[in-house]
Amino acid sequence: MIDGVDLAALEQWMDGQGLGEGPIADATTLAGGTQNILLRFSRSGRFYVLRRPPPVLRANSNETMRREARALAALKGSNVPHPELIAACPEEDVIGASFYLMEPIEGFNATQGLPALHASDAAIRHRMGLAMVEAIAALSQVDYHSVGLEGFGKLDNWIERQVGRWASQLASYEEMPGWTGPEAIPGVDKIAQWLDAHRPKNFQPGIIHGDFHFANVLFRNDSGELAAVVDWELCTLGDPLLDLGWLVATWPENDNPHATDVAITPWEGFATPDELVAHYAALTGRDLSDFDWYAVLACYKLGIILEGTHARACAGKAPRETGDRLHAHTIHLFERALRRIS
């Protein structure tokens, strides 16, 4: 047993899938951006990465894992850089949770530090941002009907539902004793009102990653190209422009990143937010006259999601240091949104 994975049970399941034979070897836990478990191992000379929910399951952990596997299966053969799905086990009785196997990715997470090649070449760093845009542009152009993702998300009144959905999420934190409340977040009501008053009139549905930023991509070790987009747990159907809004909402606004911006150094050479948006427009041909709405929505939604950890920390259900750090991110995101609508 390694980190919630019964290797003997996994071997038996893999036998039934025709995935090698004999004992599992070289089992190593990989660091990830979430609490989900990533286990790299080999069998019969082939390497695999297993992904399963954390040992203490949340209410939707298994369904989330099944949705991730479905999304990766749908992307097979597309231009979207992603981990190749090998096999999925939707059942929970093999190792105690749903899981799937994917091909290992050779690459690095930029938030953990840039390799010497990337740290020494501003042109490579510039390419990194453009490559990220190309990934979500490619994702936006995958026909969700033809890849079997119809019904993967609720598209009816998608734009109209956004503010109410996340305002309700924020209100639910009132149940956490000690939470500092919405009053500690700048412009909550003003931003919500602006979003409702400036809804785009046109909606172009597609697949969205749902949490697209630096920590959820791996770059190639030998260039500024993407090796893969990872962590597909929030993948759904919606307007793909939200992925672009999310990227810009988490991207430093200038050459002097704010303390709560992504910690990547050196930052010199990286594309500006305007360059990212222009590159996306050129690749997709989409009208971006309403882009501010998606960028503000991304700040609003992400800020509310992060505030949930702060609320739990106030109630003693999460580390206080983590809660305070994420609360600072929330404040920064809402301040960003206010600058866009002012």
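The values are calculated or read from the model by the stated rules, or taken from the named source; none is laboratory data. This one's a predicted model, so the numbers in the text were calculated from it and none came from an experiment. No Cβ is skipped: glycine too gets one built from the backbone with ideal geometry, and neighbour counts run over all protein chains shown. Note: accessible area is taken over every heavy atom of the protein model, side chains too, but ligands, DNA and RNA are not part of it. Shrake-Rupley method; radii C 1.70, N 1.55, O 1.52, S 1.80 Å.
Being within 19 Å of the chain's Cα centre (by Cα), open to solvent by less than 40 Å² (accessible area, probe 1.4 Å) and not hydroxyl-bearing (S, T, Y) is the filter here; which residues of segment 291-309 pass it?
Across segment 291-309, the qualifying residues are A295, V296, L297, A298, C299, K301, L302, G303, I304, L306, E307, G308.
With the checklist (1) in contact (Cβ under 8 Å) with a residue 12 or more places away in the chain; (2) closer than 25 Å to R125 by Cα; (3) open to solvent by 10 Å² or more (accessible area, probe 1.4 Å) in hand, flag the one item A281 doesn't pass.
(1)
Report the residue count in segment 304-322 for those that are more than 19 Å from T250 (Cβ to Cβ) and either of a type outside the set (D, E) or not assigned by the TED database to the domain that holds A249 (or both).
10
Which of the residues that make up segment 233-248 are of a type in the set (A, V, I, L, M, F, W, C) and either over 14 Å from the mean Cα position of the chain (by Cα) or modelled with pLDDT of 95 or more (or both)? Even if it seems obvious, please write down each step before you answer.
Taking segment 233-248 and keeping what is of a type in the set (A, V, I, L, M, F, W, C), we get 234-235, 237, 241-242, 244, 246-248.
Across segment 233-248, the qualifying residues are C235, L237, L241, L242, L244, W246, L247, V248.
Quick check on A123: is it over 24 Å from G245 (Cβ atoms) and either aromatic (F, W, Y) or in a helix (DSSP H, G or I) (or both)?
For A123, the condition - over 24 Å from G245 (Cβ atoms) and either aromatic (F, W, Y) or in a helix (DSSP H, G or I) (or both) - is met.
Restricting the first residue to segment 139-157 and requiring it to be not assigned by the TED database to the domain that holds T284, which pairs with a second residue that is surrounded by 12 or more Cβ atoms within 10 Å (Cβ to Cβ) meet a Cβ separation below 9 Å and a spacing of at least six or different chains?
Short answer, once both residue conditions are applied: none.
Of the residues K154, K201, K190, which single one is in a helix (DSSP H, G or I) and open to solvent by 60 Å² or more (accessible area, probe 1.4 Å)?
Of K154, K201, K190, the one residue that is in a helix (DSSP H, G or I) and open to solvent by 60 Å² or more (accessible area, probe 1.4 Å) is K190.
For segment 76-94, what are the residues that are under 18 Å from Y48 (Cβ atoms) and crowded, with 21+ Cβ neighbours inside 10 Å?
H82, P83, C89
Conditions: (1) in contact with a Leu (Cβ under 7 Å, 6 or more places away or on another chain); (2) surrounded by 18 or more Cβ atoms within 10 Å (Cβ to Cβ). L170 meets all but one. Number of the miss?
Every condition holds for L170 apart from (1).
Conditions (1) touching a residue at least 24 places away in the same chain (Cβ under 8 Å); (2) part of a strand (DSSP E or B), marked per residue:
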{"residue": "T29", "(1), (2)": "yes, yes"}
{"residue": "R66", "(1), (2)": "yes, no"}
{"residue": "A88", "(1), (2)": "no, yes"}
{"residue": "D93", "(1), (2)": "no, no"}
{"residue": "I105", "(1), (2)": "yes, no"}
{"residue": "M128", "(1), (2)": "yes, no"}
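Is it fair to say E253 is in a loop (DSSP other than H, G, I, E, B), modelled with pLDDT under 95 and surrounded by fewer than 17 Cβ atoms within 10 Å (Cβ to Cβ)?
Values: in a loop (DSSP other than H, G, I, E, B): yes; modelled with pLDDT under 95: yes; surrounded by fewer than 17 Cβ atoms within 10 Å (Cβ to Cβ): yes.
Spelling it out, E253 is indeed in a loop (DSSP other than H, G, I, E, B), modelled with pLDDT under 95 and surrounded by fewer than 17 Cβ atoms within 10 Å (Cβ to Cβ).
Does D243 satisfy being open to solvent by 70 Å² or more (accessible area, probe 1.4 Å) and either in contact (Cβ under 8 Å) with a residue 60 or more places away in the chain or not assigned by the TED database to the domain that holds I124 (or both)?
In short, no.
One line per residue, one yes/no per condition, for (1) open to solvent by less than 40 Å² (accessible area, probe 1.4 Å); (2) modelled with pLDDT of 95 or more; (3) outside the structural domain of A228 (by the TED database); (4) farther than 25 Å from G210 by Cβ:
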site: W13; (1), (2), (3), (4): yes, yes, yes, yes
site: L19; (1), (2), (3), (4): yes, yes, yes, yes
site: D26; (1), (2), (3), (4): no, no, yes, yes
site: I37; (1), (2), (3), (4): yes, no, yes, no
site: P54; (1), (2), (3), (4): yes, no, yes, no
site: R70; (1), (2), (3), (4): no, yes, yes, no
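I'm checking my understanding of the structure. Among residues of segment 101-151 that are in contact with an Asp or Glu (Cβ under 6 Å, 6 or more places away or on another chain) and closer than 30 Å to E275 by Cα, which one is most open to solvent (accessible area, probe 1.4 Å)?
It comes out as A122.
Is it fair to say R312 is among the charged types (D, E, K, R), in a helix (DSSP H, G or I), open to solvent by 10 Å² or more (accessible area, probe 1.4 Å) and closer than 21 Å to L241 by Cβ? Break it down into steps so the answer makes sense when it comes.
On the way: among the charged types (D, E, K, R): yes; in a helix (DSSP H, G or I): yes; open to solvent by 10 Å² or more (accessible area, probe 1.4 Å): yes; closer than 21 Å to L241 by Cβ: no.
So R312 does not fit the description; no.
Exactly one of these conditions fails for V49: (1) among the β-branched types (V, I, T); (2) open to solvent by 40 Å² or more (accessible area, probe 1.4 Å); (3) in a strand (DSSP E or B). Give me its number.
(2)
Would you mind stating whether S98 is modelled with pLDDT of 95 or more, hydroxyl-bearing (S, T, Y), buried (at least 19 other Cβ atoms within 10 Å of the Cβ) and closer than 28 Å to Y144 by Cα?
So S98 passes the test.
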